[in-house]
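Report on the following structure.
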Amino acid sequence: MSNRVYAQNIKVNKVIGEKEELVFSILQLALQKSSPESRIIQMNNEIPVGRLVEETDAGRIDLMWAGSSKELDNKLLAVRIPLLKGLLGHRIFIIRDGEQTRFDAIKELSQLSRYSAGMGHFWGSTRVLREAGLPVETSVKYKNLFHMLDGGRFDYFPRAAHEPWSEVKAHPDLSLQVEKKLLLIYPYAMYFYLKKSSLELHETLSSGLELAIADGSFDELFFSNPMIKSAVEESDFSQRTVMRIANPDMHPDTPIERAELWLDVASL
């Protein structure tokens, strides 16, 4: 990569929520390393998820971030550094209160396949579970899934490791709990995505992220984040039975061989 500094005002979607704030801080770190004169400008109004790809492709915003998918990989240019170290592919389940004993006996995927999962109809992870032979019930609306679980429409709701505790607390009217023994893992990366022609910005972000990874500041930022610290503490990864499945939609350029870019639950 060249040492030329790419400096400009970089427009991004309005940042709302803990996960988005962490990714935004990673973006700031990358630019601090490779283009400190650049300035990030958040849009005044949040752009709906369904329009983000269109707005990025048209150049009305300079970058977006999202979980990898064939649609995004075909339409936009990915910076292939997993921003959350694959956290979105580390799934802990929400189950009905009082049903932990049903899951205590599960030690392998064939046993889990006797139960049905609940997932969003359009989520990329839904296909991942189905391709692994796991039965899945879906809903177009995320909020409905909690009520469907409580009502017995499926048996467990796989959530990224930072999500289930706050979600159970957010639904005190439902009889739900976080499952204590299992961890489902599959390769799943969140990336920065740019317009295909944004080659200089792509180089700048790639360079900045690589510098932050090499000097340890990426991991320092990531693991000191309150959301991540809470997820590691609450998940108790070392006490969970790990089941790994493949991701059939994983892009061939996914840097899966670079262990430093991914969570290692055995070391947490």
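Please name all residue pairs, on different chains or six or more residues apart, with Cβ atoms under 9 Å, provided the first residue is in segment 132-153 and is of a type in the set (S, T, N, Q) and the second residue is in a loop (DSSP other than H, G, I, E, B).
Short answer, once both residue conditions are applied: Thr138/His121; Thr138/Phe122; Thr138/Trp123; Ser139/His121; Ser139/Arg153.
Where residues in segment 169-221 are more than 19 Å from Arg39 (Cβ to Cβ), in a loop (DSSP other than H, G, I, E, B) and of a type in the set (S, T, N, Q), which of them is least open to solvent (accessible area, probe 1.4 Å)?
Ser175
Counting only residues that are hydroxyl-bearing (Ser, Thr, Tyr) and within 30 Å of Phe103 (Cα to Cα), which one in segment 174-229 is modelled with the lowest pLDDT?
Tyr188
Can you list the helices (runs of 4 or more DSSP H) lying wholly within segment 26-143 that have 3 or more residues being open to solvent by less than 60 Å² (accessible area, probe 1.4 Å) and under 24 Å from Leu199 (Cα atoms)? So that I can check it myself, show each step before the final result.
Values: elements: 49-57, 70-75, 100-104, 109-112, 124-131.
Of the helices (runs of 4 or more DSSP H) lying wholly inside segment 26-143, those with at least 3 residues that are open to solvent by less than 60 Å² (accessible area, probe 1.4 Å) and under 24 Å from Leu199 (Cα atoms) span 49-57.
Identify the single condition in (1) closer than 24 Å to Asn74 by Cα; (2) more than 21 Å from the chain's Cα centre (by Cα); (3) not polar (S, T, N, Q) that Arg130 does not satisfy, given that it satisfies every other one.
Among (1) closer than 24 Å to Asn74 by Cα; (2) more than 21 Å from the chain's Cα centre (by Cα); (3) not polar (S, T, N, Q), Arg130 violates only (2).
Search segment 50-64 for residues that are within 10 Å of Val12 (Cβ to Cβ) and touching a residue at least 12 places away in the same chain (Cβ under 8 Å) and pair each with any residue that is open to solvent by less than 20 Å² (accessible area, probe 1.4 Å) and among the aromatic types (Phe, Trp, Tyr) when their beta-carbon atoms are under 7 Å apart and the residues are at least 6 apart or on different chains.
Correct list of pairs: Thr56/Tyr193; Leu63/Phe192; Leu63/Tyr193; Met64/Tyr193.
Tell me yes or no: at least one residue of segment 72-88 is under 30 Å from Met148 (Cβ atoms) and free of Cβ contacts under 8 Å to residues at least 60 places away in the same chain.
No - not one qualifying residue is present in segment 72-88.
The values are calculated or read from the model by the stated rules, or taken from the named source; none is laboratory data. Just so it is clear, the structure is predicted and the values come from calculations on it, not from any experiment. All Cβ positions, glycine included, derive from the backbone under ideal geometry; neighbour counts span all protein chains shown. Quick note on the areas: whole protein, heavy atoms, side chains included, nothing else; ligands and nucleic acids left out. Shrake-Rupley method; radii C 1.70, N 1.55, O 1.52, S 1.80 Å.
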